[in-house]
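What follows is a single structure, written as structure tokens, with notes after it.
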Amino acid sequence: MTSGRMSDEELSSVQDDVCQALGTTLEDIRSLIDLYFSNMTAFSLFHQPTFTEKLLQIDSKHDLYALLAAMFSFSSRYRSQPVQATESRQVDKDKNLPTSEEFLNLAYEYTSTAFNAYADEPPSMSLLQAVVLTTFAELIKGVRARAWRSVGTCVRVAYERQLHLIDADSEPGTIQAETWVVEEQRRTWWAIWELDVFASTVRRSPTAIDWDTNETFLPVDDEFWFACTPQPSCFLERDPEMRWKSLQASKNLSPKAWFIAINSIMRNAQVLSNPRGGARNVAVRRDPSAPSRHPPKALKQARRSVTESTDDLSILNNSLYCFLMALPDHLRHRGGFLAFCDDPTRGRSRQLDSDIYSIHIMTQLARFMISRENLYWEVEKESPSPHQEDPQLDHLPDTTEGERRWKCYLDTADGIMDIIIFNTSTPSLAVLSGSGQQFFWSTSA
């Protein structure tokens with residue numbers, strides 16, 4: 001695989017300006033690019049074999065500075081020797097190289113300047129990718145106000161560039177040469193979708209992206225993308241029962257596509273289990289003039305019956321069960337050790353282990369959301385048989401419904417602890433898709 005390294009000759013026209021702007025050396029820049037591609041497993045935003053050409057084609061210097069600074073805010077964490085903060089961007093032999101935090105601050109500075117330059121024009125893809133990375137860095141620290149607003153900026157710019165309609169004129173399962181070249185745009189769109197789902201889940205808020213107007217194919221496997229080999233894909237179906245079917249029919253084995261599918265099921269389950277929205281009630285602003293002892297009429301109308309909620313949970317639970325049955329073998333976690341490193345002799349890689357980890361954690365989170373909601377509801381109707389409602393509980397003996405639900409709830413916790421305890425080399429959350437962080441944030445929210 002080509003590393004995407006920049007040669008001295010290719011960078012000769014811009015290297016001095018880049019080094020000056022980022023306060024580092026050409027050697028460090030080349031090293032940090034390699035470290036980024038070796039360690040960033042959360043998102044595959046760039047066509048790695050042609051990354052050099054991409055940088056050289058960026059027209060705006062501030063866009064280029066912002067993108068590199070955002071990338072280096074992650075890859076600088078993996079330098080062989082830690083560095084201390086510098087007082088100046090000018091680098092010489094007596095000064096240390098910029099730290100991760102310094103690169104992030106530079107990314108903020110250059111993205112702000114770059115946005116101002118576009119005025120009423122759509123920002124470039126490179127600038128949007130830079131903002132995606134800085135937003136991801138903010139979300140790792142927590143879904144606070146700045147990170148929350150940054151997600152909104154990503155979504156608005158993506159809509160401005162119509163990234164939600166990339167494949168509006170294409171049929172699922174097919175792909176034409178003219179649409180294949182925009183795979184990098186698809187990757188950016190789905191990265192923003194992930195950030196939106198994560199932030200909205202943690203804050204118990206509606207997503208900024210409208211799932212009903214999402215006509216962009218799910219990502220394909222990096223192997224095909226890097227080799228420039230067109231590969232069919234599909235849309236993320238609105239119906240959770242159809243998502244695994246569409247993926248299976250398109251023969252898309254991309255770990256990211258399957259992760260997005262299970263992530264979407266988790267989000268559907270979270271909406272139902274949200275105590276301030278979803279199945280139980282909808283947070284409606286009260287009319288100040290209305291008597292406080294009477295609940296708002298809109299709130300009464302928004303409350304759903306137990307029957308409707310349990311039916312929806314049954315559909316989601318069945319969708320989850322079918323998803324797990326359809327999940328490609330190479331993406332299943334079978335209780336083995338995940339080394340999170342490249343090992344050609346075993347046919348494993350850091351990326352694949354991270355993908356397996358993320359899908360497993362997200363599956364447990366979806367189960368947790370469904371189980372928590374099942375425990376909440378006081379069943380007011382005769383419960384359907386386990387074979388009808390929950391295929392994952394078929395093996396349990398005849399017990400009360402509450403006992404069965406509680407057992408499933410505890411099994412979910414065991415599934416999380418097993419992978420965390422057994423895999424002591426679990427990588428930093430900075431290089432995962434945020435699913436591990438999402439589990440702990442979401443369950444405590």
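The values are calculated or read from the model by the stated rules, or taken from the named source; none is laboratory data. Everything numeric in this text was worked out from a predicted model, so none of it was measured. A quick note on method: Cβ atoms are made from the backbone with ideal geometry, for glycine too, and the neighbour counts reach across all protein chains shown.
Of all residues in segment 265-276, at least one satisfies being out of contact with any helix residue (DSSP H, G or I) (no Cβ under 9 Å at 6 or more places or on another chain), touching a residue at least 40 places away in the same chain (Cβ under 8 Å), closer than 20 Å to R367 by Cα and of a type in the set (D, E, K, R).
Cβ-Cβ contacts under 7 Å between residues 6 or more apart (or on different chains), taken from a first residue in segment 150-176 that is more than 16 Å from W193 (Cβ to Cβ) to a second residue that is aliphatic (A, V, I, L, M), are listed as G173/A249. In this structure, I58 does satisfy being modelled with pLDDT of 90 or more and either in a loop (DSSP other than H, G, I, E, B) or surrounded by fewer than 20 Cβ atoms within 10 Å (Cβ to Cβ) (or both). When segment 199-230 is limited to residues that are among the aliphatic types (A, V, I, L, M) and in a helix (DSSP H, G or I), the one that is nearest to the chain's Cα centre (by Cα) turns out to be A199. Report yes if some residue within segment 173-182 is assigned to a helix (DSSP H, G or I), at pLDDT below 95 and either crowded, with 22+ Cβ neighbours inside 10 Å or of a type in the set (D, E) (or both); otherwise report no. Within segment 173-182 (the criterion being assigned to a helix (DSSP H, G or I), at pLDDT below 95 and either crowded, with 22+ Cβ neighbours inside 10 Å or of a type in the set (D, E) (or both)), the answer is yes, since at least one residue qualifies.
Residue by residue, here is whether (1) outside any helix (DSSP H, G or I); (2) acidic (D, E); (3) modelled with pLDDT of 95 or more; (4) over 23 Å from V131 (Cβ atoms) holds:
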{"residue": "T2", "(1), (2), (3), (4)": "yes, no, no, yes"}
{"residue": "R5", "(1), (2), (3), (4)": "yes, no, no, yes"}
{"residue": "E9", "(1), (2), (3), (4)": "yes, yes, no, yes"}
{"residue": "D17", "(1), (2), (3), (4)": "no, yes, no, no"}
{"residue": "E27", "(1), (2), (3), (4)": "no, yes, no, yes"}
{"residue": "R30", "(1), (2), (3), (4)": "no, no, no, yes"}
{"residue": "T41", "(1), (2), (3), (4)": "yes, no, no, no"}
{"residue": "P49", "(1), (2), (3), (4)": "no, no, no, yes"}
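One residue stands out among those in segment 121-161 that are more than 21 Å from I58 (Cα to Cα) and aliphatic (A, V, I, L, M): the one that is surrounded by the most Cβ atoms within 10 Å (Cβ to Cβ), which is V151.
Taking A168 as the residue in question, decide whether it is surrounded by fewer than 20 Cβ atoms within 10 Å (Cβ to Cβ), modelled with pLDDT under 95, of a type outside the set (D, E, K, R) and within 24 Å of L68 (Cβ to Cβ). Don't jump to the end; show me each part of the working.
Values: surrounded by fewer than 20 Cβ atoms within 10 Å (Cβ to Cβ): yes; modelled with pLDDT under 95: yes; of a type outside the set (D, E, K, R): yes; within 24 Å of L68 (Cβ to Cβ): no.
For A168, the condition - surrounded by fewer than 20 Cβ atoms within 10 Å (Cβ to Cβ), modelled with pLDDT under 95, of a type outside the set (D, E, K, R) and within 24 Å of L68 (Cβ to Cβ) - is not met.
Kindly list the number of the only condition in (1) within 30 Å of A249 (Cα to Cα); (2) over 19 Å from the mean Cα position of the chain (by Cα) that fails for S124. So S124 meets the others, but not (1). Of all residues in segment 200-213, those that are hydrophobic (A, V, I, L, M, F, W, C) have Cβ atoms under 6 Å from Cβ atoms of residues that are at pLDDT below 90 and part of a loop (DSSP other than H, G, I, E, B), 6 or more apart or on another chain, in V202/A445.
Within segment 215-227, the set of residues being without any contact (Cβ under 8 Å) to a residue 60 or more places away in the chain and surrounded by 21 or more Cβ atoms within 10 Å (Cβ to Cβ) comprises T216, F217, L218, V220.
In the condition set (1) modelled with pLDDT under 95; (2) in a helix (DSSP H, G or I); (3) over 24 Å from the mean Cα position of the chain (by Cα); (4) not β-branched (V, I, T), E109 is compliant with all but (1).
Within segment 248-274, the residues that satisfy the criterion of being more than 17 Å from C322 (Cα to Cα) and either in a loop (DSSP other than H, G, I, E, B) or touching a Cys at 6+ places or on another chain (Cβ under 8 Å) (or both) are S254, N274.
May I ask you to verify whether E237 is over 16 Å from the mean Cα position of the chain (by Cα), charged (D, E, K, R) and not in a helix (DSSP H, G or I)?
Values: over 16 Å from the mean Cα position of the chain (by Cα): yes; charged (D, E, K, R): yes; not in a helix (DSSP H, G or I): yes.
Here the answer is yes, as E237 does meet what is asked.
Cβ-Cβ contacts under 8 Å between residues 6 or more apart (or on different chains), taken from a first residue in segment 15-28 that is surrounded by fewer than 19 Cβ atoms within 10 Å (Cβ to Cβ) to a second residue that is assigned to a helix (DSSP H, G or I) and among the polar types (S, T, N, Q), are listed as L26/Q15.
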